[in-house]
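Remarks on the structure that follows.
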Amino acid sequence: MQQSISKESAALRTWIEIDTKAIAKNYRVFRKLIGKKTLFMAVVKSNAYGHNLREFSGAMDRLGVDWLGVDSITEALALRRDGITTPILVLGFTLPTLYPEARKHKVSITISSFPQLNEALRLKPSKTPLQVHIKVDTGMHRQGFELGVAQKLLSTLGQAPLGIIHIQGLYTHFAEAKDLKNSDATKRQIEEYEHWAKLFYEAGHDPIHHTSATGGAMLYHKAHFDMVRIGIGCYGLWPSDESKQHLSRDITLSPALSWKAVVSEVKTVKKGGRVGYDSTEMLRRDSTLAIIPVGYWHGIPRLLSSKGRVLIRGKSAGIVGRVSMDMIVVDVTDIVGVKMGDEVVLIGNQGKENIEASEIARYSATTHYEVLTRLNPLIRRIYR
């Protein structure tokens, strides 16, 4: 079964297709899950998990998302240049030299340490103070103020002159929320966050409270608070196998991304021939091989050498030999009629077959989060 290639992709060796209907379906799933009173932050950091920051954020903005979460001020300013006025939170570290830019463009930033806070407090007072979300460490031990410094933090905030910063949000991040087997750890983090929330309330602050990413939002309704941060779920993927097993009867997610390429060459090689760099794989039969013009530069993990597969004409074709920088070789001996220009599916569906990012992750000893975010940003994303 030969797959037809659209006009948009006809001039491309490899491309990524994004299904806008799937994006909308996933948005509605989480809107229903969190309810009308809870704010929805779509996390679009890291090039929208490989889906293209600007286009995916635009799609979420049109759907009515309340907030966008990015990794850096660079991502935030790109969205502002696109005319997106939705509130944006920088979840990662912002260089203090860029605090004025954040304030100018109404971008909220994360403050998670005293050196960052002290730099922010050096700004001049303004009618539009810097919008800050204080991040607290409740057990993940990555970013965040620890509970032992809570009084010092609140004292510093209380002494800050007016018009410099505004405590817009208070948040934390769960380490194990996507796995119910470790629910005690998440419950401890929730309890500690609630203590933080009480302290901020008693000090006169009324921030937006948020703790849950996709896994927490799905599995811990108590931890929805004022806002949830939906990342991987927006793209139609489950945060973990455990969450999928627990909730897939009640929740349906629709993967939005497909990665495709074309066959660039077909050749026959005799039994005993060795394929690729370092001649790592010897053919056990006379074989028909197809060359696909993608490699680890594009996002195919090198660990898929002699293990991964692609789809051609609705059938599975295994990778033979090493994954090269810009090419892979696949065995199409059992697939009739393969020729130059045939569509190849690297992630997604073709006929009755399907390759998920999670499958690639298993063979690569990693996570589907990494598989998606490592897709080369120079590959064209086509939104349909």
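What follows draws every value from the coordinates through simple rules; no lab data is involved. The model shown is predicted, which means the values in this text are computed figures rather than measured ones. Note: ideal-geometry Cβ built from the backbone for every residue, glycine included; neighbour counts use all protein chains shown.
Computed on region 265-320, the Cα convex hull volume stands at 93 Å³ per residue.
With all pairs of separate Cα atoms included, the chain yields a Kirkwood hydrodynamic radius of 22.8 Å.
Multiplying the residue separation of Arg249 and Lys339 by 0.36 nm and subtracting their alpha-carbon distance yields 28.3 nm. On a 30 Å Cα-Cα criterion, which of the cross-link pairs Lys37/Lys198; Lys36/Lys244; Lys270/Lys315; Lys45/Lys244; Lys135/Lys307; Lys36/Lys106 come out too long? From the list (Lys37/Lys198; Lys36/Lys244; Lys270/Lys315; Lys45/Lys244; Lys135/Lys307; Lys36/Lys106), the Cα-Cα distance tops 30 Å for Lys135/Lys307. Here's the picture: charge each Lys and Arg Cβ at +1 and each Asp and Glu Cβ at -1 in the chain, and of Ile328, Phe225, Ile300 the one pushed furthest to the positive end of that dipole is Ile328.
Here, region 20-247 has an Rg and a Dmax of 17.2, 52 Å when only alpha carbons are counted.
Applying 1/(1 + (r/R0)^6) with r as the Cβ-Cβ distance of Leu378 and Glu202 and R0 = 41 angstrom yields a FRET efficiency of 0.20.
Remark: spin-label model distance Ala11-Arg274 equals 4.2 nm, labels positioned 7 Å along the Cα→Cβ axis. At full extension, Asn118 and Glu242 could sit 40.5 nm farther apart than now, given 0.36 nm per residue minus the alpha carbon distance. Here the simple spin-label model places points 7 Å from the Cα toward Cβ, and for Met282 and Thr156 these points are separated by 6.5 nm. Annotation for region 192-257 versus region 59-120: alpha-carbon center distance of 20 Å. Between the residues Gly276, Ala290, Pro125, the greatest Cα displacement towards the positive end of the dipole of the chain, with unit charges on the Cβ of Lys, Arg, Asp and Glu, is found for Ala290. Which residues does a label at Thr367 reach in region 196-237, if reach means a backbone N under 20 Å from a point 7 Å past the Cα toward the Cβ? Correct set: 210-221, 223-224, 228-237.
Report relative contact order for region 257-383 in percent, whole number only (criteria: Cα-Cα under 8 Å, sequence separation at least 6). Reported relative contact order: 27 percent. When you count the other C-beta atoms within 10 angstrom of each residue and take the mean per peptide, 70-76, 94-100 line up highest first as 70-76, 94-100.
For region 257-383, the direction-averaged projected area of the alpha-carbon convex hull comes to 7.5 nm². Computed from the C-beta positions of Ser316 and Lys181, the FRET efficiency with R₀ = 30 Å rounds to 0.40.
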